[in-house]
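**Student:** This is the structure I want to talk about, given as C-alpha cells.
The values are calculated or read from the model by the stated rules, or taken from the named source; none is laboratory data. Remember, it's a predicted structure, so these values are computed and weren't measured experimentally. Neighbour counts run over all protein chains shown; Cβ positions are idealised from the backbone, glycine included. Only protein heavy atoms, including side chains, enter the accessible area calculation; ligands, DNA and RNA are left aside. Shrake-Rupley method; radii C 1.70, N 1.55, O 1.52, S 1.80 Å.
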Amino acid sequence: MQSNHEVIVPNEDLPFKMFLFEGEHGNYFRERHWHQSIEIFAVFQGDLVFYLKDLELQLKPGDFILVNSNEIHAIHSPEPNRTVVIQIPLNAFTHYFTEEQYICFTHEAKETDSQVMELIWEMFAAYRGRGSGYDMLVKSRYY
C-alpha cells in the first residue's frame, strides 16, 4: 500500500507545530503518510482509530500516541473528537541521537500520562487564547 510524505512546518511563533486535529468533526480518514517530525496525538474527547505500521490502535479520551520520525501511519476519525496534535521537528533532538544518527521514542500507558495530557492541554489553551506572554507559557510547558 502506498504512503505519502508530509512536509511539516512549525507554527510561526513556536519551535514546533501544534493544532487541533483536522478530523475533529468526524467522518474523516487521513491516508497512510509519513514525515520526519516526531508527532504526538493527544485525545481529549471522542475516539480515534490510529494505524501505526501494522497495528490498529483505539484511542479514547486521556490517551496519547507517539509517532516516530518516518513511521507510516494513518488516522480514522469516525465520530467528532477533540485531539491536539504536536509535531516536533527531528532536529530538536540532534543532541540525543545515537552514533548512527538515530533516535526512537516509545510509550506505554503510565500513571503519569494524565500529567502529560494536562501539559498538552495547557499548551494548547494558552496558544489558542494568545494572551500576554502566551508564547513563554507554551514553550515552558513544551520544554
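**Student:** Which one is farthest from Asp135 (Cα to Cα), of the residues in region 1-51 that are of a type in the set (Phe, Trp, Tyr) and assigned to a loop (DSSP other than H, G, I, E, B)? Reasoning before the result, please.
**Tutor:** First pass over region 1-51, keeping only residues of a type in the set (Phe, Trp, Tyr): 16, 19, 21, 28-29, 34, 41, 44, 50-51.
Then drop every residue that is not assigned to a loop (DSSP other than H, G, I, E, B), which leaves 16, 21.
Working: Phe16: 12, Phe21: 21 Å.
So the residue we want is Phe21.
**Student:** Among what's in region 105-130 and is more than 15 Å from Phe19 (Cα to Cα) and within 15 Å of the chain's Cα centre (by Cα), pick the residue that is least open to solvent (accessible area, probe 1.4 Å). Can you show your working first?
**Tutor:** So in region 105-130, the residues more than 15 Å from Phe19 (Cα to Cα) come out as 105-116, 118.
Within this subset, residues satisfying the condition of being within 15 Å of the chain's Cα centre (by Cα) are 105-107, 113, 116, 118.
Numbers: Phe105: 64, Thr106: 122, His107: 64, Asp113: 19, Val116: 54, Glu118: 111 Å².
Out of the qualifying residues, it is Asp113.
**Student:** Which pairs turn up if I take residues in region 121-142 that are closer than 21 Å to Arg82 by Cα and hydroxyl-bearing (Ser, Thr, Tyr) and look for partners that are part of a helix (DSSP H, G or I) and open to solvent by 30 Å² or more (accessible area, probe 1.4 Å) with beta carbon separation below 7 Å, at least 6 apart in sequence or on another chain?
**Tutor:** From residues that are closer than 21 Å to Arg82 by Cα and hydroxyl-bearing (Ser, Thr, Tyr), the pairs are Tyr127/Tyr134.
**Student:** Only one residue in Val138, Val85 is among the β-branched types (Val, Ile, Thr), farther than 27 Å from Ser3 by Cβ and surrounded by 15 or more Cβ atoms within 10 Å (Cβ to Cβ). Which one? Step through it out loud before you land on a result.
**Tutor:** Details: Val85 fails: farther than 27 Å from Ser3 by Cβ.
Answer to the check: Val138.
**Student:** Out of curiosity, is Ala74 open to solvent by less than 80 Å² (accessible area, probe 1.4 Å), in a helix (DSSP H, G or I), in contact (Cβ under 8 Å) with a residue 12 or more places away in the chain and under 21 Å from Val7 (Cβ atoms)? Write out each step before concluding.
**Tutor:** Values: open to solvent by less than 80 Å² (accessible area, probe 1.4 Å): yes; in a helix (DSSP H, G or I): no; in contact (Cβ under 8 Å) with a residue 12 or more places away in the chain: yes; under 21 Å from Val7 (Cβ atoms): yes.
Here the answer is no, as Ala74 does not meet what is asked.
**Student:** Any idea which of (1) within 18 Å of Ile72 (Cα to Cα); (2) among the charged types (D, E, K, R); (3) crowded, with 17+ Cβ neighbours inside 10 Å is the one Asp54 doesn't satisfy?
**Tutor:** Failing condition for Asp54: (3).
**Student:** Being open to solvent by 70 Å² or more (accessible area, probe 1.4 Å), out of contact with any Ser or Thr (no Cβ under 9 Å at 6 or more places or on another chain) and polar (S, T, N, Q) is the filter; apply it to region 1-45 and report the residue that is modelled with the highest pLDDT.
**Tutor:** Taking region 1-45 first, the residues open to solvent by 70 Å² or more (accessible area, probe 1.4 Å) are 1-2, 4-5, 7, 9, 12, 22, 25, 27, 29, 31, 34, 36, 45.
Next, only the ones that are out of contact with any Ser or Thr (no Cβ under 9 Å at 6 or more places or on another chain) stay: 1-2, 4-5, 7, 9, 12.
Those left that are additionally polar (S, T, N, Q): 2, 4.
Values: Gln2: 73, Asn4: 81.
Once the filter is applied, the top-ranked residue is Asn4.
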